[in-house]
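Here is the structure we will look at.
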């Protein structure tokens with residue numbers, strides 16, 4: 001009997017110890033919770049910080065048709081609202097990360113106890129709210145056990161505060177907007193765009209499951225590196241969704257058998273659309289920020305304040321422009337490379353060995369390698385030696401990046417072979433810049449050929465001479481001029497010697513109408529015109545039309561001896577299409593802060609340059625270029641060109657097009673300016689160095705190098721009926737006093753060539 005009493009007493013001791021442990025542990029946990037809430041373990045976020053948690057929000061560049069062109073960001077984060085997130089995402093998140101999310105107030109006691117008892121083997125005990133607390137206020141947990149325990153208690157406190165401050169939907173949204181899905185995908189919107197090329201609202205069940213699966217460890221479950229692991233993790237999430245009745249067994253089984261189906265769209269600055277435009281915009285925004293402080297006097301931060309910049313670029317037109325350039329330039333490069341196999345000094349012409357060496361040395365001194373080594377204190381001999389050492393590198397090709405081994409000096413020679421290009425489109429009536437392609441590949445060629453670069457413009461400058469003559473003298477396109485050598489004597493206009501330009505084909509005789517003269521770029525008649533109106537007046541008109549660069553007031557400008565930017569030229573040509581009214585090119589519509597408050601709206605300046613009648617007459621003259629002059633190949637419906645160098649030919653355009661080709665000395669630059677009533681577009685093609693060019697005019701003229709890009713681009717736009725690019729005639733002024741109908745004029749003395757292919761222009 002005594003033994004039984006002793007056993008009973010001992011058992012009761014264990015019961016007491018058990019309950020005392022439970023009670024003591026609970027009291028200790030509560031005490032630790034209060035200590036954490038009192039800030040004993042370190043400061044906690046204030047009420048204001050909870051109201052406005054620190055976020056790095058990307059500034060977004062939004063096209064006129066509502067598409068995101070790119071972002072400026074420390075973190076590529078653009079927050080979305082709960083209603084813009086697919087329910088599939090929400091369901092997957094709750095099923096996988098926090099099944100009782102809607103039942104607890106920040107801490108799931110049941111899950112916490114289970115995690116503690118099983119040492120985390122059956123999952124952690126953190127709620128979504130706790131995970132948000134960790135992301136917002138201390139990031140990754142400490143690897144030190146004691147510190148991590150203290151952090152955990154702080155997370156409990158913050159989670160409770162968050163639950164009091166925000167709704168469940170707001171907590172879910174904040175968490176999804178905050179999480180870093182890696183590969184520059186910070187937040188659910190960036191992740192959905194980068195991995196699947198769509199907005200979060202459009203994510204399917206299996207896409208949502210993959211992204212939620214990454215929450216366990218995005219670096220480990222990286223879909224771009226560990227596809228099989230990510231697939232298995234996605235299937236686990238699908239299993240959780242079935243377990244929680246978000247999908248059926250049949251849906252689970254069906255979806256688990258499918259691949260990831262990624263549609264990767266990288267969003268680094270060198271990726272995506274309108275890269276050159278975005279870089280120019282970045283510089284503009286730096287100045288704008290300096291001049292437009294916040295209400296409290298501090299400066300906006302372009303990379304974290306979540307500004308929204310609405311621009312005039314049309315994403316569809318931008319895409320078509322980039323596609324057209326890539327198609328033609330890849331083909332043109334193929335032809336150029338074939339030619340260079342016969343060039344002992346490739347890719348240069350017109351240079352001796354000393355000049356080539358000087359060119360390469362200058363390129364080396366401009367390189368990042370040289371600048372970096374120089375700043376590190378390396379001697380010039382050491383730097384030069386490093387340029388001779390072969391190394392692993394990745395280079396640009398039109399078939400994709402190529403991993404190779406070559407010396408940095410050899411890579412300079414390699415890149416000197418690559419032809420460059422630029423394109424810009426402007427809507428004449430609004431000044432809106434619709435497309436801006438500053439080069440062939442921003443990652444490898446960052447010099448902008450639209451605004452930053454200035455090159456000799458060749459015959460594309462001649463319309464300004466003709467426009468001045470028409471505006472001043474009321475000349476008709478049908479008026480004839482003698483096609484004979486013309487000399488402007490020395491000292492006139494301050495010239496040191498006589499100026500007698502030659503026709504590019506050295507053919508003279510007879511008379512030509514102004515329309516035929518411009519169509520075929522006849523130099524001697526352009527010389528007569530500039531002498532009639534005075535170079536100063538031509539410069540004045542060009543400046544009024546938007547040319548900002550210095551232009552010398554000398555007759556030689558008539559043949560395009562001046563260096564100008566593509567941006568300037570297209571802006572000025574747009575004036576012709578807009579009835580003589582210049583609208584300043586415009587790239588911005590408005591800027592908003594992260595809350596949608598408009599900070600500034602932009603309105604372009606306008607200025608009358610030509611009379612409506614004169615503007616119409618010059619467009620009529622320019623139509624002649626595409627009807628029977630150097631731009632005639634736009635009209636071609638059959639035939640081909642050597643080595644198919646004219647990409648996509650025949651083009652078979654039938655609508656009115658006012659255009660002008662331009663080819664500079666030695667074929668260093670090829671230009672084409674083409675306008676229809678509601679869109680002006682200019683294209684330039686050439687090498688980085690003027691000594692890099694085609695050997696012959698057949699391949700090196702503007703009609704071969706630049707015109708095909710314009711043609712391919714407009715073919716794509718005309719196929720897209722949503723764009724409404726005009727095929728109509730230019731508006732004819734009422735009571736037109738200048739005769740433009742040359743059909744009744746005698747052409748007996750005209751000595752014209754049948755095609756621009758046989759007649760180069762300079």
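The values are calculated or read from the model by the stated rules, or taken from the named source; none is laboratory data. Just so we're clear, the structure is a prediction, and the values are computed from it rather than from any experiment. Cβ: placed from backbone, ideal geometry, glycine included. Neighbour counts: every protein chain shown.
Could you tell me whether any residue of region 532-543 is in the same structural domain as residue 463 (by TED's automatic domain parsing), within 39 Å of the chain's Cα centre (by Cα) and at pLDDT below 95? No, every residue in region 532-543 fails to be in the same structural domain as residue 463 (by TED's automatic domain parsing), within 39 Å of the chain's Cα centre (by Cα) and at pLDDT below 95.
Of all the listed residues (692, 704, 698, 681), the sole one being in a strand (DSSP E or B) and either in contact with a helix residue (DSSP H, G or I) (Cβ under 8 Å, 6 or more places away or on another chain) or not assigned by TED's automatic domain parsing to the domain that holds residue 619 (or both) is 681.
Would you tally the residues in region 638-653 being in a helix (DSSP H, G or I) and under 28 Å from the mean Cα position of the chain (by Cα)?
As a first pass, look at region 638-653 and keep what is in a helix (DSSP H, G or I): 642-644.
Filter again for under 28 Å from the mean Cα position of the chain (by Cα), leaving none.
Residues in region 638-653 being in a helix (DSSP H, G or I) and under 28 Å from the mean Cα position of the chain (by Cα): 0 in total.
Do we have residue 345 as under 22 Å from residue 439 (Cα atoms) and in a loop (DSSP other than H, G, I, E, B) here?
no
Scanning region 590-603 turns up no residue that is under 24 Å from residue 671 (Cα atoms) and within 32 Å of the chain's Cα centre (by Cα).
Any chance you could count how many residues in region 711-722 are assigned to a helix (DSSP H, G or I) and either within 25 Å of residue 412 (Cα to Cα) or free of Cβ contacts under 8 Å to residues at least 60 places away in the same chain (or both)?
Residues of region 711-722 that are assigned to a helix (DSSP H, G or I), as a first pass: 711-719.
Filter once more, so that each one left must be either within 25 Å of residue 412 (Cα to Cα) or free of Cβ contacts under 8 Å to residues at least 60 places away in the same chain (or both): 718-719.
Number satisfying all stated conditions: 2.
What number of residues within region 654-675 are in contact with a strand residue (DSSP E or B) (Cβ under 9 Å, 6 or more places away or on another chain) and either outside any loop (DSSP other than H, G, I, E, B) or not assigned by TED's automatic domain parsing to the domain that holds residue 504 (or both)?
15
If you filter region 400-435 down to residues that are without any contact (Cβ under 8 Å) to a residue 12 or more places away in the chain and assigned to a loop (DSSP other than H, G, I, E, B), you find that the one that is surrounded by the fewest Cβ atoms within 10 Å (Cβ to Cβ) is 400.
Provide a single number: the residues in region 678-691 that are in contact with a strand residue (DSSP E or B) (Cβ under 9 Å, 6 or more places away or on another chain) and surrounded by fewer than 24 Cβ atoms within 10 Å (Cβ to Cβ). Summing the residues that are in contact with a strand residue (DSSP E or B) (Cβ under 9 Å, 6 or more places away or on another chain) and surrounded by fewer than 24 Cβ atoms within 10 Å (Cβ to Cβ) in region 678-691 gives 3. What tally of residues in region 457-474 results from selecting those that are assigned to a loop (DSSP other than H, G, I, E, B) and modelled with pLDDT of 95 or more? Here the count works out to 1. Tell me, please, whether a residue that is modelled with pLDDT of 95 or more and in contact with a strand residue (DSSP E or B) (Cβ under 9 Å, 6 or more places away or on another chain) can be found in region 743-752. No, that holds for no residue. If you filter region 78-103 down to residues that are surrounded by 20 or more Cβ atoms within 10 Å (Cβ to Cβ) and either in a loop (DSSP other than H, G, I, E, B) or not assigned by TED's automatic domain parsing to the domain that holds residue 246 (or both), you find that the one that is modelled with the lowest pLDDT is 78. With respect to the conditions (1) part of a helix (DSSP H, G or I); (2) touching a residue at least 24 places away in the same chain (Cβ under 8 Å), residue 539 falls short on a single one, namely (2).
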